[in-house]
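**Q** Have a look at the structure that comes next, please.
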Amino acid sequence: GKSRSCSVVNLSTIPDRDLNECNIAMLGCRGSGKSALTVKFLTKRFISEYDPNLEDTYTSEEIVDQQPVLLKVMDTADQDGPVNCERYLNWANAFIVVYSIENRRSFEACRLYLDTVSIHTKGVQQEYPVILLGNKLDMERYRQVSKSDGLSLASKYGCLFYEVSACLDFDSVQRVFHEAAREVRRE
Ligand code: GDP
Ligand code: MG
């Protein structure tokens with residue numbers, strides 16, 4: 001007849017789960033693509049229409065460099081510029097400041113967010129990784145912000161810099177979020 005197998009789990013062989021946590025706040029002006037990037041990272045899909053007023057926090061268990069990390073992403077939805085910043089400043093341990101490469105105004109708005117974060121980090125005397133992220137790389141032909149402008153702003157604030165597109169490959173978007181987690185682990 002059929003035999004049933006029964007496995008005994010030896011609890012001592014289950015590795016201790018390193019409960020690494022990383023809280024990432026997505027900052028930047030409306031329309032830069034924060035929600036599209038967040039959704040892309042979480043679902044591998046590009047959602048073109050996302051409620052601009054919806055602010056939410058999402059959780060994903062990720063493996064970064066063979067280590068588990070509980071990655072939380074707060075997709076903020078400021079109306080115009082940084083307001084009520086405490087909600088994310090007191091929560092996040094990493095920041096991704098997003099602009100659109102085809103919108104100069106969205107790039108200028110990044111300074112406000114970068115200043116807000118740097119004033120906060122000086123106040124609490126702790127370093128938090130910050131990534132400046134140029135989005136909408138697929139709109140290259142409408143580019144209003146050069147890569148070197150992005151790089152020089154990033155170096156002025158001592159942050160990492162990437163350019164991606166929420167509607168192109170998933171890997172490049174994932175890399176940015178994982179880099180934030182990696183930097184938090186290093187701190
Ligand atoms: P948020 O206000 O920063 O959350 O911006 P959304 O994620 O809602 O995106 C604003 C608009 O830009 C939407 O119409 C998106 O479809 C569009 N969008 C977002 N990311 C990209 C991108 O990488 N490329 C292009 N072409 N459009 C994008
Ligand atoms: Mg949004």
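**Q** Would you check if Glu21 is farther than 25 Å from Leu137 by Cβ, at pLDDT below 95 and under 16 Å from the mean Cα position of the chain (by Cα)?
**A** Working: farther than 25 Å from Leu137 by Cβ: yes; at pLDDT below 95: yes; under 16 Å from the mean Cα position of the chain (by Cα): yes.
Considered against the rule, which asks whether it is farther than 25 Å from Leu137 by Cβ, at pLDDT below 95 and under 16 Å from the mean Cα position of the chain (by Cα), Glu21 comes out as yes.
**Q** Any residue at all in the stretch 119-126 that's out of contact with any helix residue (DSSP H, G or I) (no Cβ under 7 Å at 6 or more places or on another chain), closer than 23 Å to Val184 by Cα and surrounded by 13 or more Cβ atoms within 10 Å (Cβ to Cβ)?
**A** Looking for residues that are out of contact with any helix residue (DSSP H, G or I) (no Cβ under 7 Å at 6 or more places or on another chain), closer than 23 Å to Val184 by Cα and surrounded by 13 or more Cβ atoms within 10 Å (Cβ to Cβ), one finds at least one in the stretch 119-126, hence yes.
**Q** Among the listed residues Gln79, Gln66, which satisfies the condition of being surrounded by fewer than 17 Cβ atoms within 10 Å (Cβ to Cβ) and in contact (Cβ under 8 Å) with a residue 40 or more places away in the chain?
**A** Working: Gln66 fails: in contact (Cβ under 8 Å) with a residue 40 or more places away in the chain.
Residue meeting the stated conditions: Gln79.
**Q** If you take the residues of the stretch 34-46 that are within 13 Å of ligand 1 (Cβ to nearest atom) and in a loop (DSSP other than H, G, I, E, B), which of them is farthest from Ser165 (Cα to Cα)?
**A** Selected residue: Arg45.
**Q** Next question. Here is a list of conditions, (1) within 14 Å of ligand 1 (Cβ to nearest atom); (2) over 17 Å from Leu37 (Cβ atoms), and Leu89 meets all of them except one; can you say which number that is?
**A** Every listed condition holds for Leu89 apart from (1).
**Q** Any residue in the stretch 46-57 that's of a type in the set (D, E, K, R): show its pairings with residues that are within 11 Å of ligand 2 (Cβ to nearest atom) and in a loop (DSSP other than H, G, I, E, B) at Cβ separation under 6 Å, as long as the two are six or more apart or on different chains.
**A** Short answer, once both residue conditions are applied: Glu55/Thr76; Glu55/Ala77.
**Q** Considering only the stretch 128-172, how many residues are touching a Ser or Thr at 6+ places or on another chain (Cβ under 6 Å) and either farther than 14 Å from Tyr99 by Cα or of a type in the set (Ser, Thr, Tyr) (or both)? Reasoning before the result, please.
**A** Going through the stretch 128-172, the residues touching a Ser or Thr at 6+ places or on another chain (Cβ under 6 Å) turn out to be 128, 135-138, 164.
Now restrict to residues that are either farther than 14 Å from Tyr99 by Cα or of a type in the set (Ser, Thr, Tyr) (or both): 128.
Counting residues in the stretch 128-172 that are touching a Ser or Thr at 6+ places or on another chain (Cβ under 6 Å) and either farther than 14 Å from Tyr99 by Cα or of a type in the set (Ser, Thr, Tyr) (or both) gives 1.
**Q** Looking at the structure I just gave you, is Ser60 surrounded by fewer than 16 Cβ atoms within 10 Å (Cβ to Cβ) and within 16 Å of the chain's Cα centre (by Cα)? First the steps, then the outcome.
**A** Working: surrounded by fewer than 16 Cβ atoms within 10 Å (Cβ to Cβ): yes; within 16 Å of the chain's Cα centre (by Cα): yes.
So Ser60 fits the description; yes.
The values are calculated or read from the model by the stated rules, or taken from the named source; none is laboratory data. As the structure is a computational prediction, the values presented were derived from the model and not from experiment. Here the Cβ is made from the backbone with ideal geometry for all residues, glycine too, and neighbour counts use every protein chain on show.
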